[in-house]
1. If I go through region A:164-177 residue by residue, how many of them are in a loop (DSSP other than H, G, I, E, B) and touching a strand residue (DSSP E or B) at 6+ places or on another chain (Cβ under 8 Å)?
2. Contact list please: Cβ distance under 7 Å, first residue in region B:325-348 and in contact (Cβ under 8 Å) with a residue 40 or more places away in the chain and small (Gly, Ala, Ser), second residue surrounded by 15 or more Cβ atoms within 10 Å (Cβ to Cβ) and not in a loop (DSSP other than H, G, I, E, B), pairs at least six apart or on different chains.
3. Which of the residues that make up region A:64-108 are without any contact (Cβ under 8 Å) to a residue 40 or more places away in the chain and touching a Gly at 6+ places or on another chain (Cβ under 6 Å)?
4. Taking region A:36-54 as the search range and keeping residues that are part of a strand (DSSP E or B) and within 23 Å of A:Met228 (Cβ to Cβ), which one is nearest to the chain's Cα centre (by Cα)?
5. When only residues in region B:257-279 that are modelled with pLDDT under 85 and not in a loop (DSSP other than H, G, I, E, B) count, which is farthest from B:Thr314 (Cα to Cα)?
6. Hey, can you tell me all the residues within region A:91-120 that are crowded, with 20+ Cβ neighbours inside 10 Å, in contact with a strand residue (DSSP E or B) (Cβ under 9 Å, 6 or more places away or on another chain) and among the hydrophobic types (A, V, I, L, M, F, W, C)?
Amino acid sequence: MFLRTKILFLFSLLLAVACSGGPAQKRVIGCEEDISGLKVGVVTGSCYDMDLSARGDVEVLRFNTEADQANAIVNGLVDVGVHDEVVFAPDHLKEMGLKVAFKGKESYPAAFGFRKSEKELLSAYNEFFAQATASGVVDSLRAVWLDCDGQYPDPLHVYPNNEPGEPIVVGTAGAVAPVSFRIEQDWFGIESELMYLFGEYLGRPIVFKSLATASIMMSLQTGDIDIMMGCVFVTEERLQRFDFSTPYHYYHCSYFVRDDDAGRSSTSLWQKFKDGINQNLIVEGRWRFITDGLWETIKITLLSILLGSILGIGLCFMSGSKRRWIKQTASLYKAFMERMPMLVLLLIMFYVVFGGAGIGASSIAVIAFGLNFAASAGGVFRTALDSVPRGQTEAGLALGFTRFQTFSGIVLPQAVKKGLPLYTGQCVSLLKGTSIVGYIAIHDLTRASDIIRSRTFDALLPLLVVTVLYFLLAWIIAWLLKLIFKKTCRV
Amino acid sequence: MNISVRHISKVYSNPDGSSLRVLKDVNCEISQGEVISIIGPSGTGKSTFLRMLNGLETPSGGEILVDGENILSKGYSLSRLRKRMGMVFQSFNLFGDMTVLENVIFAPCRLLKMDVETAKAEGMALLRKVGMAEKASVFPSTLSGGQKQRVAIARCLAMKPEAVLFDEPTSALDPTMVGEVLSVIRQLARDTGMTMIIVTHEMEFAREVSTRVFFMNEGLIYEDGTPEQIFKNPVHSATKAFVQRIQKLKFDITSPDFDFYGMQSEMSQFCIKYNVPEKRDVLTHITEEMTQVVLKDFLPLHVVLSYNAQQSETAVAFMMEGRTSSPLAEEGIDDISMMMVRAMSKEIIEESTSRGFRIKVIV
């Protein structure tokens with residue numbers, strides 16, 4: 001009896017704690033002092049990240065994209081989010097159930113970043129910008145993109161991109177309207193237009209590259225891109241590593257909170273789903289992000305499997321060698337690859353090993369994933385071969401088959417039968433593993449959902465679509481492997 | 001097919017530097033049509049020797065000539081030899097992913113380029129011969145050990161070999177299944193003129209089926225002769241001990257402080273192990289009287305307990321080294337004890353040997 005009371009008491013205590021926890025307290029947030037003690041969401045690497053971390057009296061939670069940040073506010077994961085004033089269009093805000101609590105006092109200069117060694121390009125840009133300012137072009141761009149309360153012109157002005165010269169590669173982290181964003185193959189937003197105009201001015205084509213905020217500075221440093229943009233603010237720290245152009249605008253920051261008054265829309269679930277499909281896939285041909293990403297994911301996965309399997313066969317024979325040092329080299333390689341996080345390997349390959357070597361990011365990803373896959377595939381091959389008893393080889397030899405005939409006609413089919421499920425598993429986990437290639441600016445399936453989410457701020461649907469596609473891909477891979485080996489390995 | 005083996009040896013070297021000499025110096029001539037059984041204790045290199053004949057094992061020295069050609073020379077095609085010389089393994093080694101019939105036709109189809117229909121017809125005929133036609137379409141994993149071995153024999157015969165090597169074909173089988181496999185081999189030996197070399201522990205079978213028997217011991221062919229000679233009148237005592245299946249237990253009593261109780265318990269265990277527990281009390285009693293009373297003044301004393309399975313004879317022998325006359329005739333021998341021993345035993349043999357004087361008590 002006593003025990004039961006005790007348990008009941010403990011349980012209610014837990015319940016009380018659970019209820020009181022989280023950002024449930026109602027507080028009026030009207031100025032910077034009010035957020036003291038709250039959870040604040042920022043985008044990783046943005047200058048708010050550093051400023052707020054320096055404050056010390058708030059808990060800073062970092063998110064990779066604006067969409068994640070917005071969703072965190074809506075879901076109550078954080079009390080307040082800090083971002084550029086222009087990042088969420090006003091009507092969009094309402095739709096998402098967000099509102100601006102207040103605007104920050106300070107403003108930040110936004111500019112284009114250049115490598116320190118590219119003084120010429122920098123001064124060319126500054127010259128161009130001075131001219132454009134004088135001729136009123138900059139003002140008109142501001143009017144179109146920044147002073148319009150989210151009412152962008154329709155249709156948008158598309159710039160030709162067929163200048164004859166050597167292309168300038170511009171990396172953008174944000175992919176956010178009205179700074180820089182993509183519809184199908186074209187880029188829009190104030191920064192993109194400035195870049196297009198700069199390209200016209202120089203007579204060189206502009207190529208945009210969408211990168212994760214966390215990796216954009218690294219890419220600029222290694223020469224993977226020539227100019228970085230995406231609402232990059234000029235800070236003391238950044239000035240030590242990069243050169244910055246004349247700022248084109250001073251942005252204020254906004255403090256966003258959940259809009260509890262936003263009326264819950266009365267639309268049915270099905271209608272919501274249909275709207276979601278429309279918003280995330282149909283409008284602006286956004287499904288094309290998905291198909292492009294899908295193709296990239298398939299390409300990287302298949303090529304990595306191919307490369308990794310070839311290397312894996314070598315590794316398998318090495319680990320079966322009678323010579324000790326060959327065997328040890330193989331097991332050392334395996335141990336190294338198994339213990340190395342795939343993302344770390346990918347970043348090292350991209351920035352260090354092939355940094356600035358002029359090899360495409362996709363090829364680097366294939367090499368990195370191939371090297372990693374070799375270790376697991378080699379292990380699978382070895383296990384499969386070892387699972388065939390030695391007696392099978394002896395029986396084959398004793399019948400008069402040569403070593404090769406015995407291996408290919410007797411041992412291999414049995415090994416394949418045993419190893420195929422394991423191998424399929426490894427291939428599928430490789431497929432899933434490729435979802436991190438977005439870190440090195442590859443537009444794969446996962447990155448496609450990120451891009452769509454950064455435009456629509458819908459967390460669920462793009463992720464759902466991508467999940468289904470990964471599932472189907474995994475299923476197709478398993479089916480293909482089964483088919484291939486059924487056809488090739490029988491009497 | 002004539003096989004000639006000259007001065008074959010095999011040394012395994014361990015990673016720690018030590019080495020193991022499995023075969024010391026093996027010589028023999030085998031001619032076409034002979035059926036040879038190789039018998040001998042475990043670990044004397046019988047299987048190693050057999051596996052050398054088709055090149056599954058490489059000798060450390062010596063040469064093997066098949067029809068005059070050295071199979072160890074460079075460039076000799078072992079796979080060509082193996083097509084003519086089949087092998088049946090202790091552990092069957094049927095191909096696990098093929099049905100019984102596929103197992104049989106796989107090699108003829110691939111190696112003799114036989115067309116599938118002919119191969120199937122011949123395969124079925126062979127399976128019928130070994131009584132496995134009914135199971136042609138099942139996978140080996142569903143068969144019993146004896147059935148698997150019969151399929152393995154059919155698979156081997158499908159290549160129409162001139163010679164077949166049998167590597168302990170019944171050692172992995174339940175006692176109930178040994179018979180079916182042996183009768184298939186027996187039939188082969190009778191009906192075909194094939195050369196057969198069989199490593200086996202089945203003495204009765206070896207005696208019946210073979211034209212010649214090799215007794216291998218300590219890495220040598222110790223004795224080579226007709227079944228009659230090997231099983232009835234072996235020249236070497238090791239051969240005799242082996243074919244008569246004599247088991248021995250030895251003690252050396254060097255002082256009166258010897259652990260007699262320990263000896264007693266070891267003897268009991270010996271009797272139980274060789275299934276003669278009814279002899280246990282008599283044996284220990286006789287040994288006690290002999291060692292502690294009758295022969296207590298004739299140390300050192302070697303005591304050998306022996307069991308001959310073939311004649312089901314149990315005996316205990318007492319050997320006094322260097323003596324030439326019987327101690328029983330001497331003064332001061334305890335007559336009462338000796339009488340008890342005589343009463344309990346079937347026969348007492350007193351003999352002078354090259355090592356010393358021996359008293360053997362058969363019970």
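1. Qualifying residue count for the region: 5.
2. Short answer, once both residue conditions are applied: B:Ser337/B:Glu289; B:Ser337/B:Val293; B:Ser337/B:Val294; B:Ser345/B:Ile286; B:Ser345/B:Val361; B:Ser345/B:Ile362.
3. A:Gln69, A:Ala72, listed by residue number.
4. Let us first name the residues in region A:36-54 that are part of a strand (DSSP E or B), namely A:39-43.
With the extra rule that they be within 23 Å of A:Met228 (Cβ to Cβ), the set shrinks to A:42-43.
On the way: A:Val42: 17, A:Val43: 13 Å.
Applying the filter and picking the extreme gives A:Val43.
5. Initial filter on region B:257-279 (modelled with pLDDT under 85): B:273-279.
Of the ones still in play, those that are also not in a loop (DSSP other than H, G, I, E, B) are B:273, B:277-279.
Working: B:Lys273: 13, B:Pro277: 11, B:Glu278: 11, B:Lys279: 8 Å.
Here the residue is B:Lys273.
6. Kept after step one, since they are crowded, with 20+ Cβ neighbours inside 10 Å, are these residues of region A:91-120: A:93, A:96, A:98, A:101, A:108, A:110-114.
If we keep only those that are in contact with a strand residue (DSSP E or B) (Cβ under 9 Å, 6 or more places away or on another chain) too, we end up with A:93, A:98, A:101, A:108, A:110-114.
Correct list: A:Leu93, A:Leu98, A:Ala101, A:Ala110, A:Ala111, A:Phe112, A:Phe114.
Let's see how each residue does on (1) small (Gly, Ala, Ser); (2) farther than 30 Å from B:Arg150 by Cβ; (3) part of a helix (DSSP H, G or I); (4) within 13 Å of chain A (Cβ to nearest Cβ):
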residue	(1), (2), (3), (4)
B:Ser42	yes, no, no, no
B:Met52	no, no, yes, yes
B:Glu57	no, no, no, yes
B:Leu65	no, yes, no, no
B:Lys74	no, yes, no, no
B:Ser79	yes, no, yes, yes
B:Lys83	no, no, yes, yes
B:Gly86	yes, no, no, yes
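Here is a yes/no grid of residues against (1) closer than 24 Å to A:Arg390 by Cβ; (2) surrounded by 21 or more Cβ atoms within 10 Å (Cβ to Cβ); (3) touching a residue at least 12 places away in the same chain (Cβ under 8 Å):
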residue: B:Ser19; (1), (2), (3): yes, no, no
residue: B:Asp25; (1), (2), (3): no, no, yes
residue: B:Gly61; (1), (2), (3): no, no, yes
residue: B:Met87; (1), (2), (3): yes, yes, yes
residue: B:Ile105; (1), (2), (3): yes, yes, yes
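The values are calculated or read from the model by the stated rules, or taken from the named source; none is laboratory data. Owing to the predicted nature of the structure, the values given are computational and were not obtained by experimental measurement. As a convention, Cβ positions derive from the backbone with ideal geometry for all residues, glycine included, and neighbour counts pool all protein chains shown.
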